[in-house]
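Here, each number is a calculation from the coordinates, and none is a lab measurement. Values in this document were obtained by computation on a predicted structure and should not be read as measured data. Cβ sites come from the backbone with ideal geometry, for glycine too, and all protein chains shown count toward neighbours.
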Amino acid sequence: MTVSHDKEKNVEKAIHMIGEAVNKGANIVCLQEMFFAPYFCVQQRIEFFSLAEPIPGPTTEKIAEAAKRYGVAVVAPIFEEDTTIKGTYYNTAAIINHRGELIGKYRKIHIPQLIGYNEKFYFKVGNLGYPLFEDFGVKFGVIICYDRHFPEGPRIMALKGADLVFVPTCTGLYPELWELELAAHAAFNTIYVAGVNRCGREYPEQPATYFGRSCIFNPRGEKLAGAPSDEHVLVQEIDLDFLRERRKYAPFLRDRAPWHYRELVEQI
């Protein structure tokens, strides 16, 4: 979705679009990275810290009410203020089940510092690892935006039993890698992968327009559905039986040889 500078209207709009997704048959809905505000990391300004909220907090409570009303699970990425260590902030996805219960959260691990993406000014590296969540019989995980450039997160979640990984994003960079990386995560890990990107322009100085093009890939790395570059609700059914059969045919996770991968962790 496109985002305005009115936080409350953004939340209302997101809830409306959740309802639209439910009307199209959705059981699990993923919103884009920091859906409730413009992507303020274009700039480094102290006043933007006022956008942060605890989890649970006002925005996640509104999303929880909508999730319960619609009977849908929601991945809701926001700017989180840590309640245990004051002055600590994370780029976080709150996970709410179809009963309106907060069942966990994922904190973004890879924090970029690029032109127009000044995230190290705002966010601490996530400290919750790569958790899995479950609703409607689907085990799913989340990585956020810049995380998608690194293969380790989806692999860890696949090894934990993930069926699906959501990738809520706010990007106008690397359009040539967008579908390629999502398809690769799906194929290498025999999972479904859903990339959810915002669209539009919010600040004159942002380096590129957020290009939308949300899309979903199956465990063969095949694109099942894609959205245009403008605002859109994309719904796609996934087949867990197909996933299980694919893992029998392509047992890549079974045939790993981790005892030969020590060099990966030695390069710290």
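Being closer than 24 Å to ILE63 by Cα, in contact (Cβ under 8 Å) with a residue 24 or more places away in the chain, assigned to a loop (DSSP other than H, G, I, E, B) and under 14 Å from the mean Cα position of the chain (by Cα) holds for only one residue in GLY100, GLY104, GLY141, GLY126, and it is GLY126. Please specify each residue of the range 6-51 satisfying the condition of being surrounded by fewer than 21 Cβ atoms within 10 Å (Cβ to Cβ), free of Cβ contacts under 8 Å to residues at least 60 places away in the same chain and in a loop (DSSP other than H, G, I, E, B). ASP6, ALA37, ARG45 - these are the residues of the range 6-51 that are surrounded by fewer than 21 Cβ atoms within 10 Å (Cβ to Cβ), free of Cβ contacts under 8 Å to residues at least 60 places away in the same chain and in a loop (DSSP other than H, G, I, E, B). A single member of GLY195, GLY153, GLY226 is buried (at least 16 other Cβ atoms within 10 Å of the Cβ), out of contact with any Cys (no Cβ under 8 Å at 6 or more places or on another chain) and under 25 Å from VAL74 (Cβ atoms), and it is GLY153. Selection of the range 130-156 for residues being of a type outside the set (Phe, Trp, Tyr) and out of contact with any helix residue (DSSP H, G or I) (no Cβ under 8 Å at 6 or more places or on another chain) yields PRO131, GLU134, ASP135, LYS139, VAL142, ILE144, CYS145, GLU152, ILE156.
Considering the range 118-150, the residues that are surrounded by 21 or more Cβ atoms within 10 Å (Cβ to Cβ) and in contact with a Leu (Cβ under 9 Å, 6 or more places away or on another chain) include one that is nearest to THR209 (Cα to Cα), namely TYR146. When the range 156-192 is limited to residues that are touching a strand residue (DSSP E or B) at 6+ places or on another chain (Cβ under 7 Å) and among the charged types (D, E, K, R), the one that is surrounded by the fewest Cβ atoms within 10 Å (Cβ to Cβ) turns out to be GLU179.
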